[in-house]
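The block underneath contains the structure these notes are about, expressed in structure tokens.
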Amino acid sequence: SHDYGDGQFDGDITLAGRYPLTLHAQLQIQQLPQLPGLQSQQLTAALTGDFRHLQAELQLNGEQQAAINGHIDLTNAALPYDITVEHGKLHWPLTEPQYAVAGLTLHSNGSLQQQTATISGNFDTPWLSQIDITADVSHKPQQLDIAAFKAWSAAGQLTLQGSLDYANGIKWRAKVGVEELNAAKIALTTDDVTIPESSISGSFNTHGYV
């Protein structure tokens with residue numbers, strides 16, 4: 001027990017072979033001076049398996065919420081992994097948040113060499129709220145590929161497919177589509193500019209380098 005909160009830990013580990021282990025932890029965070037705004041959070045964590053297949057299960061409850069499950073191979077220098085995040089409800093900054101996501105789902109697998117990820121959730125920003133986003137992306141050394149990206153909100157719908165190569169400078173190619181885009185719904189940081197109502201639909205291709 002501490003002013004910061006309470007915690008319980010139990011489990012065992014065998015210091016031989018692939019280090020099989022079973023560890024459980026429960027943390028009740030009351031407040032952290034280093035992270036003001038992170039209060040009354042509960043974290044439940046379990047680590048099982050061994051260093052060849054280390055399984056982790058985490059449950060975060062409170063203002064910040066998420067269920068996280070995954071595994072990793074610590075005996076392989078490439079660190080192959082698989083992770084799933086569900087029921088994510090997060091915001092930042094912790095005090096007076098400007099960005100938030102609800103219903104976050106993320107699945108990613110890969111290694112240090114390459115990664116793939118699918119993401120979905122409902123996002124709020126200072127400029128536009130209630131943005132539903134889905135994305136399917138992959139990354140390998142010096143290249144990001146976007147198989148599919150879709151965002152829709154009161155301002156309309158945006159779709160994107162393409163790739164970004166940053167091996168030598170920055171090179172990109174993309175197909176962009178908009179449907180019933182109404183930029184007047186986007187809140188600008190200045191009052192000096194007024195964007196008229198609009199409804200724009202169409203698509204275009206772009207490529208280039210810098």
With a/c under 1.5 counting as rounded, go ahead and sort the stretch 87-134 into rounded, prolate or oblate using the C-alpha gyration tensor (a ≥ b ≥ c being the square roots of the eigenvalues; past the cut-off, prolate if a/b is larger than b/c, else oblate).
prolate
Could you estimate the translational diffusion coefficient of the stretch 44-150 from the Stokes-Einstein equation, with Rh from the Kirkwood formula over C-alpha pairs, at 25 °C and 0.890 mPa s, in whole µm²/s?
160
Using +1 on the beta carbon of Lys and Arg, -1 on that of Asp and Glu, and nothing else charged, what's the dipole of the stretch 54-210 about the Cα centre, debye to 20?
480
Positive-end residue of 5, 71, 205, charge dipole of the chain with Cβ unit charges:
205
So for the chain, averaging the separation of alpha carbon pairs under 8 Å that are six or more residues apart and normalising by length, what relative contact order in percent results?
9
Just checking my list (i) 41; (ii) 45; (iii) 34 against percent of Cα pairs over 29 Å apart computed from this structure; which label fits?
(ii)
Dipole magnitude of the stretch 89-168 about its Cα centre, charges +1 at Lys/Arg Cβ and -1 at Asp/Glu Cβ only, in debye to the nearest 20?
100
For the stretch 92-210, take N as its residue count and report Rg(C-alpha) divided by 2.2 N^0.38 Å.
1.22
Over the Cα atoms of the stretch 18-94 the radius of gyration and the largest Cα-Cα distance (Dmax), both in Å, equal 14.6, 40
Partners for residue 185 among lysines (Cα-Cα distance below 27 Å; same-chain residues under 8 apart left out)
89, 150, 175
Please report the carbon-and-sulfur percent of the accessible area for the stretch 112-210; probe 1.4 Å, protein heavy atoms only, DNA, RNA and ligands left out.
57
7 Å from Cα along Cα→Cβ at both residue 57 and residue 79: what's the point-to-point distance in nm?
2.4
Can you pull out the chymotrypsin sites (Phe, Trp or Tyr not before Pro) in the stretch 1-52 that DSSP calls coil and that have at most 16 other Cβ atoms within 10 Å?
4, 51
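The values are calculated or read from the model by the stated rules, or taken from the named source; none is laboratory data. Quick caveat: nothing in here was measured; it's all calculated off a predicted structure. Cβ sites come from the backbone with ideal geometry, for glycine too, and all protein chains shown count toward neighbours. Surface areas here come from the heavy atoms of the whole protein model, side chains and all, with no ligands, DNA or RNA. Shrake-Rupley method; radii C 1.70, N 1.55, O 1.52, S 1.80 Å.
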